[in-house]
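Shown next, in C-alpha cells, is the structure this report addresses.
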C-alpha cells in the first residue's frame, strides 16, 4: 500500500512538472528535457523558486555562437534568449562547446546546477552580479567568484571575427548590451539553472 501511494505521488509530481514545463516556452526555444529539469529544481525550492516570477535556464550543450541563456516569465511563459560565454576550463580545445562542468576551485570551469542571482557589485569587468550555488555540486560558486558580467569576448564584433565567444574563468558572460537587457528582466533572487 505504501509503495503504491509513493508511486502515485511520484507519477503525479512528474506529470505536474511536465505540464508546468510544457506551459512555459510556447515557441519551443529550450530543449524540453533541460526545461523539465530546471522546473523540477525550481519546484523543489518551494516559494523561493517562484518568488521573482522569473526563471533562467542556461543550455551549455549549444555552441557559444548561439543564444543559449533563456529568461522565462513564469506568468506568461514568454522567453527571451541571449548569448553567454562559458568557462575556459570547460572548453580546453576552445571549439565553442562546453565539454565538462566543475566546481573545483582553480578549474576555471562553469558550474552545473541551480544558482541564485544575487547582489550587484562593481568589479574588474564593471557592473557584475554574484551567484550563490544552491546544489552540492556548485556550492563553491560564490567562493570561486563565479559571477555574471560583461566582457569584450562576448561582444558581437568578437563573435563575428572568431565565430564563437571567448571563455571566462567559469562566469556567465554577456555583451554589454545583453547584460543591460538581462538585468532589466531578471530581479535579484531569481533562480538560474545551468545544464547541458
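Values as computed for the structure displayed
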quantity	calculated
Nearest-ten-degree value, helix 2-23 long axis tilted from longest Cα axis of the chain	50
CD proxy at 222 nm, helix term only [per DSSP H run n ≥ 4: -39500 (n - 2.57); per residue of the chain; nearest 500]	-8500 deg cm²/dmol
Cα long-axis angle, helix 176-185 against the chain (0 to 90 degrees, to the nearest 10)	30
Nearest-ten-degree value, helix 32-44 long axis tilted from longest Cα axis of the chain	70
Shape of the chain, Cα gyration tensor, a/c cut at 1.5	prolate
Cα gyration tensor shape for the stretch 59-174, rounded if a/c is under 1.5, else prolate or oblate	rounded
Modelled FRET efficiency - R0 25 Å, residue 157 with residue 99, Cβ distances, 0.05 increments	0.45
The stretch 74-128, relative contact order [Cα under 8 Å, separation at least 6], %	23
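Each value in this text was obtained by applying a stated rule to the coordinates, not by laboratory testing. Keep in mind that this is a model prediction, so the values were computed, not measured. No Cβ is skipped: glycine too gets one built from the backbone with ideal geometry, and neighbour counts run over all protein chains shown.
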